[in-house]
Structure formats: structure tokens, C-alpha cells
């Protein structure tokens, strides 16, 4: 049974009349596994969404969503220099579940606004005409135009990789 977040994502895209395609597949844990089961998409087109905990410029801890091409890793130095975020660490499995209504790491969709999170997206993702991501479930993916994602999710484009 699919996580309810999958329906929230497709409903959001339907409301915005954004064309998309869906993929049902075996559960995947890594970006590389996901790329192998998403026909017509490359690893670079995967929109990897990570939730991190960091301290902002005022020293206050907060959670933030980072989105980047699946073949890249975020750079803590760039997060500090470009975003003012320090002491960055991955959110724990329990923290991710609490923030997302039970979504598991690896299934987090790149729509942080649904969870009250700011979204920092590396601009290199938008070099792809289309992107693909897990939509709340590690066995359900959505592919869509990157410009539609940018319009709907309203991420802050900032170099983080």
C-alpha cells in the first residue's frame, strides 16, 4: 500500500495542471537503485531531497530541505558560505518521520513546503528539462518538467553542491 503522501503530490500537480508521469517499482533505497528502475531518466535527472538540521545565522537550530541532482552530494562549506547554515547534520529517521508524517528517508519528495520546510535547491538540477523523484514512497516515483517543479515548489536556488 502506497504512502498517503504520494496522493498529496499527484493532487498538488493535478491542481496546478502540471503534466507528470508516475512509476511503480520495487522499493529503492539509493539514488542509483532508483535510476535503474525509472525508464527514460538518468541519475542526474533524479531530484534527491534530503532533510538536514543546522544552525542558522542567529544560532537557532532548524530543519531545512536540500534538493540536488541525485549524482551529487551537498557541500557543508557551501551551505555555510551561501546560506549561513552551520553544524549541519542529516535528520534522523525519527526526525524525518515526524516532520513528514511518516515518510521514510529515501522516499521524501522535494516539496518541503508540504512539511513547513524551506527548500534550498542546487541550480544544476534545473539544467535538466525533466526531473524524477520518489513521491513519499520508496516504490513510487514521479517524473515532471523541471520548470513546473520550480514554479510549484518555489525552492530557493542556491549553490549547495
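Please treat every number below as a calculation from the coordinates, not as lab data. For clarity, every value in this text was computed on a predicted model and none was experimentally measured. Positions of Cβ are backbone-derived with ideal geometry, glycine not excepted, and every protein chain shown enters the neighbour counts.
List of remarks:
- Computed helical MRE - 222 nm, the chain, DSSP H runs ≥ 4 contributing -39500 (n - 2.57), nearest 500: -7500 deg cm²/dmol
- Over the C-alpha atoms of segment 98-161, the Rg to Rh ratio, Rh being the Kirkwood estimate, stands at 0.95.
- Fewest-first ranking of 39, 137, using other Cβ atoms within 10 Å as the exposure measure: 39, 137
- Shown for 100, 22: other C-beta atoms within 10 Å of each C-beta, ranked fewest to most, produce the order 22, 100.
- Restricted to Cα atoms, the chain shows a radius of gyration and a Dmax of 14.6, 44 angstrom.
- Backbone N under 18 Å from the residue 37 label point (7 Å along Cα→Cβ), restricted to segment 95-110: 103-110
- Relative contact order, whole percent, for segment 52-161 stands at 30, derived from Cα pairs under 8 Å and 6 or more residues apart.
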